[in-house]
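Written out below as structure tokens is the structure these notes cover.
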Amino acid sequence: MEETYQTGFGIPVPDEYIITIGERKPTPYIRYPGLIRLGHKTAELFKGKLTCTKHKIVEMPSGENNNRCTIVVWLSVVDKEGKVISSFPGIGDADSNSVTSMIKPHIIRMAETRANARALRLLTDVGMTAIEELDSFDSAVSEPPSRPRPRKEPEAELTGRDKLEAELKGVSKEKGFSSKALINAMSHILDKEITKISLLSDEEISKVLKEIRQEDNKTIETQESTSSESPPPQDKDKQERAAHINSMKESCKEKGISIPDDLKEIISKELKFEFTTAKDLGTDQLSKIAEFLKTYNKP
């Protein structure tokens with residue numbers, strides 16, 4: 001699924017970091033945590049790391065300036081040797097009139113957040129304003145006021161077959177039976193293989209209802225647990241990935257390979273795998289890397 005927004009560098013902005021405000025003219029805003037994440041991803045495009053190279057409070061809050069605080073920051077992308085590749089400035093301010101009562105005790109931190117947000121917007125080439133830059137951002141991200149729910153019309157009373165099936169499902173739910181446990185119970189009570197409630201006659205449903213109301217919960221659950229099931233494929237894959245990653249970490253530690261810098265360089269050169277994090281690699285690729293590192297000797 002494609003994200004709705006992208007940075008100027010083509011990096012997708014996860015929808016979870018976007019807040020849209022306004023009904024007549026909806027305007028998107030970006031959350032500060034999203035800017036931080038995009039900042040690190042952008043730095044990786046420059047083959048560097050994101051860091052703060054300058055931070056200065058140019059105005060301290062006091063009673064004379066309406067508790068205003070102004071901060072200037074410089075966020076930079078640096079290479080492995082710490083050399084600055086590119087820098088981006090940001091200035092942020094906050095005072096008693098530009099924050100809510102909840103934020104007033106944290107004026108300095110809010111000014112710093114706004115300064116960082118503006119610098120990150122330059123670095124990532126994101127045109128959206130950060131939600132934290134708004135005067136009342138905490139109320140903007142809160143839940144909208146609840147509206148009265150439409151009156152629900154009373155449901156028609158069930159009769160006949162529908163009533164029997166509803167009673168059976170209701171009793172099963174009260175006793176905590178899973179769908180599989182209920183099917184097993186019906187097959188046991190009627191002494192025949194059952195796959196769906198709809199296939200039973202009214203008399204059979206009545207018999208099952210009577211027996212289940214008297215049946216001990218443990219008996220039904222025991223019937224369900226008699227057949228052991230293997231772990232879902234998703235869980236098995238997660239276990240395999242975790243084992244390969246642990247093996248890679250142990251090999252790196254033993255051979256003095258730094259993670260992620262040296263590891264990325266070695267894997268790219270020797271195995272031709274390009275990745276940012278382990279999530280970018282398939283289970284088979286992780287397996288190959290783990291086996292390769294066991295025999296690799298660092299020059």
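Give the calculated FRET efficiency between F9 and S178 to the nearest 0.05, with a Förster radius of 51 Å applied to their Cβ-Cβ distance.
Details: r = 49 Å, r/R0 = 0.96.
For R0 = 51 Å, the calculated efficiency reads 0.55.
Only Cα pairs under 8 Å and at least 6 apart count here; give the relative contact order of the range 5-140 as a rounded whole percent. Before the final figure, lay out the partial values.
Details: 273 pairs, mean separation 33.2, N = 136.
The value is 24 percent.
Modelled spin-label separation between K255 and T295, with each label point placed 7 Å from Cα along the Cα-to-Cβ direction: 1.1 nm.
At a 10 Å Cβ-Cβ cut-off, how would you order F177, F275, F88, fewest neighbours first?
Working: F177 22, F275 16, F88 19.
So the residues, fewest neighbours to most, are F275, F88, F177.
The simple spin-label model puts a point 7 Å past each Cα toward its Cβ; for I91 and Q214 those points are separated by 8.5 nm. Pairs exceeding 21 Å between alpha-carbon atoms, taken from K249/K279; K175/K207; K41/K249; K41/K264; K272/K298; K169/K207: K41/K249. As a proxy for reagent exposure, ranking T70, T277, T7 by other Cβ atoms within 10 Å from fewest up yields T277, T70, T7.
Once both labels are positioned 7 Å from their Cα atoms along Cα-to-Cβ, the gap between K236 and A166 label points is 4.3 nm. Distance between the C-alpha centres of the range 176-217 and the range 16-32: 52 Å, rounded to the whole angstrom.
Label the range 5-140 by shape, choosing from rounded, prolate and oblate, from the square roots a ≥ b ≥ c of the eigenvalues of the Cα gyration tensor; if a/c is under 1.5 it is rounded, and otherwise prolate applies when a/b is larger than b/c, oblate when it is not. It is oblate, given that a/c is not under 1.5 and a/b is not larger than b/c. At q = 0.12, 0.14, 0.15 Å⁻¹, what is the log10 ratio I(q)/I(0) for the range 233-295, with the Debye formula run over Cα points and no solvent? Log-scaled intensity ratios, in q order: -0.26, -0.36, -0.41.
Counting neighbouring Cβ atoms within 10 Å and putting the fewest first, the residues I71, I131 line up as I131, I71.
Where a number appears in this text, it was derived from the coordinates with a stated rule and is not lab data. Owing to the predicted nature of the structure, the values given are computational and were not obtained by experimental measurement. Don't worry about glycine lacking a Cβ; one is built from the backbone with ideal geometry, like all the others, and counts go over all protein chains shown.
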